[in-house]
Amino acid sequence: MWEIGTPAKVGWYLTAWRLGDGYVYSVGKWDGSEWISRMGEPHTFQEIKSPDEQDKMLDELHETQKQ
């Protein structure tokens, strides 16, 4: 889910900035007090799930569907 404002926790995020009728995307890090990003503070952001977290979620979903 895309969010506006500041993240609740330190971490890496997919970030986006408005450009005309679209968006420019990049990966940025929220360090708890400021954005570490090539383009500065983003217009919107969403948390990035690691590949391990995504795999675990898919495994759990698969197990639930088998029951």
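The values are calculated or read from the model by the stated rules, or taken from the named source; none is laboratory data. Bear in mind that the values here come from a model prediction, so they are computed numbers and not experimental data. For neighbour counting, all protein chains shown are included, and Cβ atoms are generated from backbone atoms with ideal geometry for every residue, glycine included. Surface accessibility is based on the protein's heavy atoms, side chains included, excluding ligands, DNA and RNA. Shrake-Rupley method; radii C 1.70, N 1.55, O 1.52, S 1.80 Å.
Couplings for region 52-66, taken from phi via the Karplus curve 6.51 cos²θ - 1.76 cosθ + 1.60 with θ = phi - 60°, read 4, 5, 5, 4, 4, 4, 5, 4, 5, 5, 4, 4, 5, 6, 6 Hz in order; Gly and Pro are left as x.
Taking the Cα centre of the chain as the origin, how large is its charge dipole in debye, to the nearest 20, when only Lys and Arg (+1) and Asp and Glu (-1) carry charge on their Cβ atoms?
The dipole of the chain has a size of about 180 debye.
Can you pull the percent of region 1-46's accessible area that's carbon plus sulfur, 1.4 Å probe, other chains left in place?
Carbon and sulfur: 53 percent of the exposed surface of region 1-46.
Counted by Cβ distance under 15 Å from E41, the other residues give a net charge of 0, where Lys and Arg count +1 and Asp and Glu count -1.
Amide H to amide H distances under 5 Å link T44 with A16, where only residues 5 or more positions off or on other chains count and H is placed in the peptide plane. For the Cα trace of the chain, dividing Rg by the Kirkwood Rh returns an Rg/Rh value of 1.12.
How large is the helix-only mean residue ellipticity at 222 nm for the chain, computed as the sum of -39500 (n - 2.57) over DSSP H runs with n ≥ 4, divided by its residue count, in deg cm²/dmol to the nearest 500?
Value at 222 nm, helices only: -8000 deg cm²/dmol.
Couplings for region 14-25, taken from phi via the Karplus curve 6.51 cos²θ - 1.76 cosθ + 1.60 with θ = phi - 60°, read 7, 10, 9, 10, 5, 9, x, 9, x, 9, 10, 10 Hz in order; Gly and Pro are left as x.
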